[in-house]
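Laboratory data are not the source of any read-out in this text; all were calculated from the coordinates shown. Treat the numbers as computed from the prediction; the structure is a model and nothing was measured. Here Cβ is always computed from backbone atoms with ideal geometry, including for glycine, and neighbour counts include all displayed protein chains.
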Amino acid sequence: MDLLSKQGRSSRVMALISAVLLALSYIFVALINQPNIYAAEVSSRSIAMASTEEDAETDYTVTFTVEAGTTVGAVRIEFCDNSPIPHTTCTNAAVGDDVPQVDANAGSIVTESGGGGAFAFTGASAGECDNPSLTAPGVGDRHLEVLCTTPDTFAGATTFTGTFLDVDNPSNSTDSPTNPNNTFYARIYIYTDTTPPAVANPFTTTEVVHTGGIALSTAEQLTITARVQEVLHFCIGTTDAASANDCTDISGNTVDIGVVDSGAVSISPVATTSGGNNVNGLAMIRTNASNGVVVDYFAEQGTGTNHLGALRVSGATCTADGTPSTSEVDQCFNSAGTTGNPIAAGTEEFGLTISSVDTTNGTTANLVRDAEYAGDGTAGDLWAWDETGTADRIATSTTVVDDEMLILRFAATSAITTPTGTYTVVSTYIATPTF
Amino acid sequence: MRPRTPVKLMLALLIIAAPALRFVPIYSAPGLLNRSLQVGTTEVSASTTYGFQFDITSASSLGSIRFQFCSNDPIPFNPCTAPTGFDISGATVGAQTGETGFTIDPVITPNELILTRVPTLATPQTVTYDFNNVINPDTAASYFVRLITYASADGSDPSTEEAGIAFAMTDRFDVTAFVPPFLSFCVGLSVAADCSSATGNLIDLGILDESLSSTATSQFAGATNGVGGLAISVIGTTMTSGVNTITGLGTRSPSSVGSSQFGFNLRNNSSPNVGINPAGPGTTVPTGDYNVINEFTFRNGDIIASSPLPTNYTVLTVSYLVNISPSQNPGVYTATLTYIGTATF
């Protein structure tokens with residue numbers, strides 16, 4: 001009984017072992033018939049997006065390396081929203097929404113940078129998949145395919161590089177409507193045949209020899225704003241201390257042209273030995289107004305009667321003889337007017353000219369003198385003076401001005417009959433930029 | 001769950017940039033292009049006009065425009081430092097073009113003014129607004145205006161457009177000159193038109209004849225910038241020889257041959273034929289009795305020519321007349337005359 005019992009138990013063990021071995025053999029056969037989901041990975045793989053802005057039509061540069069001895073007939077790049085792992089189910093909400101759109105339904109269809117055959121396997125020997133080319137994507141495709149002319153086996157490790165033009169980034173419109181920072185994936189499949197099988201999901205073909213996954217992302221565009229505030233620095237003076245190249249070292253507000261007689265024209269700067277104070281007028285401007293700046297002046301109207309804006313003796317009654325005046329016996333100098341003209345010694349006249357624009361303090365040379373004030377500072381050139389009290393333009397710029405300085409020179413000559421006295425005129429200068 | 005590395009990276013960048021970003025001013029609705037401010041005068045503390053011009057670019061409701069004057073910066077919504085001395089609270093609206101119909105909102109401060117109207121759909125266009133009676137800041141420097149438009153009539157809602165303008169106050173500019181007193185006066189038998197030369201100081205009439213008039217001439221010229229003009233007088237005596245004299249013509253008289261006469265005038269005479277009329281650009285002319293042709297006078301101290309205002313050079317020719325009577329005592333008769341030019345400055 002015991003013996004029989006032992007024999008029975010042994011048979012059952014053997015049967016069990018046999019059954020296990022049989023089951024394992026089925027499992028092994030089943031396993032070796034599965035797709036090669038453990039195919040070697042392509043290395044050094046990347047997709048460089050020219051722009052990560054969501055919904056932008058941009059370029060993708062794909063790079064990967066296949067190992068030596070690999071036979072390559074075609075490359076497929078498939079975009080998925082859920083996972084980069086080849087041979088697993090690839091999902092997405094809609095092409096163009098959470099994966100890139102490659103067809104022509106939105107913008108341009110994806111094409112090959114450099115034209116057909118421009119893609120290349122760097123390091124490949126001649127005849128090893130020369131001129132791989134992009135197959136035009138079909139409508140609704142979420143993948144791209146690059147085909148060799150014939151399947152070729154690479155003798156050494158070979159790197160593929162190709163730029164796909166006009167790929168439409170995911171819009172994230174339903175997948176991530178409030179956050180443009182959204183990840184999606186690309187899967188790279190290398191086939192031994194030049195006619196890869198139709199896309200299946202999950203992908204199960206045995207022709208795949210290499211695979212690889214890549215993660216990509218659209219991203220928020222960072223907007224950086226800054227404001228350059230409006231600037232106008234405008235100063236009037238007579239002395240530039242040259243301690244700074246701006247208005248901070250401009251001082252003084254009186255130009256004394258000294259003793260004026262009929263034998264010569266007194267032109268600033270007039271030496272102290274001739275009764276002057278040896279200075280010119282200065283008007284310095286800095287503005288960032290993109291539409292430029294205009295500089296006007298007007299003669300303050302003094303006290304007295306007639307020609308109140310002339311170089312005059314304060315309180316004097318001058319001849320009412322038109323504007324500008326012509327009388328040489330009253331205590332108002334005849335003004336040069338607004339057309340610009342020479343001043344002749346002995347013929348009573350007072351005028352202003354801008355003999356130059358000093359651009360050495362800044363970086364621009366944009367101020368242009370008005371024609372009537374564009375004299376060279378000699379008596380025989382242009383002088384003007386508007387005594388009316390109405391603003392008259394003396395310089396203009398159509399763009400920004402960086403510490404340009406107008407050199408204002410004043411000149412006067414008396415007639416024999418010009419009455420003695422101390423003559424003065426006050427003028428105000430206005431810079432008006434347009435921002 | 002997807003990797004969120006990009007999001008984390010962005011957050012990290014934002015955290016790093018936060019100290020800088022927090023100082024970025026709010027500037028949500030830029031606009032108002034081609035903007036300028038024409039100030040009537042840049043004299044500090046002056047009451048003047050301010051003329052604004054800018055382009056409205058938003059076709060939306062426009063009910064108010066805020067003008068905020070600051071000394072610190074032109075950036076709307078930043079804290080504003082009011083310019084010292086500046087006061088727009090007494091301003092009035094002058095001309096307005098483009099979007100019109102605005103009045104000044106009663107809520108006004110020295111540095112802030114709101115133009116208000118019933119909100120109306122604005123047309124993108126250039127607009128101008130002039131203000132009178134604006135008191136300039138009291139210091140020469142740069143200043144700023146912030147312009148902000150609103151849909152509401154009182155500027156209480158978010159802005160529609162905004163921008164800044166810079167303007168400047170400057171010192172005024174004095175030009176001074178001095179014209180010194182001037183008098184030029186010359187006397188001689190002959191003088192140049194501008195007194196650059198004068199020759200001779202002696203007239204010899206030769207032997208006087210009771211049947212003939214004796215004549216001679218001398219000249220003087222002068223110019224001055226004296227505002228009161230120029231007066232030329234003569235000092236001297238009639239022709240004398242010891243105690244004998246030839247009668248000076250105290251009363252203007254024509255020549256009378258055979259009578260004792262000494263006198264002169266400053267004109268071109270025909271009877272006798274002597275003299276030249278005044279010549280030159282000046283305004284000096286013979287006075288009274290010395291300005292009558294063919295009549296002669298001599299009174300010691302007389303002003304014989306004058307100009308009531310500054311005068312250029314005038315050459316005046318003195319025409320002397322001497323007649324003697326048959327009873328004229330013999331002798332050498334002499335008269336010394338001094339001509340004096342006096343300018344009044």
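A few notes on this one:
- Equivalent ellipsoid of region A:232-433: semi-axes from √(5λ) of the C-alpha gyration tensor, largest first, are 29, 17, 14 Å.
- Under-5 Å amide H pairs with A:Val255, H placed in peptide plane, nonlocal only: B:Asp174, B:Val175, B:Thr176
- Charge dipole (debye, nearest 20) of the protein assembly as shown; +1 at Cβ of Lys and Arg, -1 at Cβ of Asp and Glu: 940 debye
- Projecting the Cα atoms of A:Ala93, A:Thr205, A:Ser314 onto the charge dipole of chain A (Cβ charges, centred on the Cα centre) puts A:Thr205 farthest toward the positive pole.
- Distant alpha-carbon pairs in chain B (separation over 39 angstrom), percent: 55 percent
- Cut-off 18 Å (backbone N to label point 7 Å along Cα→Cβ of A:Ala198), residues of region A:87-105: A:90
- Other residues whose C-beta falls under 13 angstrom from the C-beta of B:Arg252 contribute a net charge of -1, scoring Lys and Arg +1 and Asp and Glu -1.
- Phi to ³J(HN,Hα) by Karplus 6.51 cos²θ - 1.76 cosθ + 1.60 over region B:255-269, Hz, x for Gly, Pro: 5, 10, 5, x, 9, 7, 9, 9, x, 7, 9, 10, 10, 8, 9
- Region A:232-433: relative contact order in percent, alpha carbon pairs under 8 Å with at least 6 residues between: 30 percent
- Residue among A:Asn105, A:Leu232, B:Pro110 farthest towards the positive dipole end of the protein assembly as shown, charges placed on Cβ: B:Pro110
- Average projection area in nm² (convex hull over Cα atoms of region B:28-168, one quarter of hull surface): 7.0 nm²
- P(r) tail fraction, the protein assembly as shown - alpha-carbon pairs more than 38 Å apart, %: 67 percent
- Label zone of B:Ser270 (point 7 Å out along Cα→Cβ, amide N under 12 Å): in region B:287-320 this covers B:293-294.
- Rough spin-label spacing in nm, given labels placed 7 Å along Cα→Cβ, for B:Thr336 and A:Thr205: 14.1 nm
- Using just its DSSP H runs of length 4 or more, each adding -39500 (n - 2.57), chain B gives a mean residue ellipticity at 222 nm of -1500 deg cm²/dmol after division by all residues.
- Rounded to the nearest 20 debye, the dipole magnitude of region A:317-435 is 100 debye, with +1 charges on Lys and Arg beta carbons, -1 on Asp and Glu beta carbons, and the Cα centre as origin.
- ³J(HN,Hα), Karplus 6.51/-1.76/1.60, whole Hz, each residue of region A:315-327, x for Gly, Pro: x, 6, 9, 9, 6, 7, 10, x, 10, x, 6, 10, 5
- For region A:40-218, the Kirkwood hydrodynamic radius comes to 16.1 Å, computed from all pairs of different C-alpha atoms.
- Distances between placed amide hydrogens fall under 5 Å for A:Ala120 paired with A:Thr161, all partners being 5 or more residues away or on another chain.
- Around the Cα centre of region A:40-218, unit charges on the Cβ atoms of Lys, Arg, Asp and Glu (plus for the first two, minus for the last two) sum to a dipole of about 400 debye.
- ³J(HN,Hα), Karplus 6.51/-1.76/1.60, whole Hz, each residue of region B:79-85, x for Gly, Pro: x, 10, 9, 5, x, 5, x
- Restricting region A:66-161 to GluC sites (Glu not before Pro) in coil, as DSSP defines it, with at most 14 other Cβ within 10 Å: none
- Rounded tilt (10° steps) of A:2-32 against the dominant C-alpha axis of chain A: 40 degrees
- Over chain A, all Cα pairs binned in 20 Å intervals from 0 give whole-percent P(r) values of 20, 24, 12, 19, 16, 5, 3, 1, 0, listed from short to long.
- Charge dipole of chain B about the Cα centre (unit charges at C-beta), most positive-ward option of B:Pro158, B:Met239, B:Phe264: B:Pro158
- Region A:405-433-region A:178-209 distance, computed between alpha-carbon centres (Å): 86 Å
- Pairs of alpha carbons in region B:183-344 whose separation is greater than 25 Å (percent): 27 percent
- Under-5 Å amide H pairs with A:Thr88, H placed in peptide plane, nonlocal only: A:Phe203
- Helix-only [θ]222 nm of chain A, DSSP H runs n ≥ 4, -39500 (n - 2.57) each, per residue, nearest 500: -2500 deg cm²/dmol
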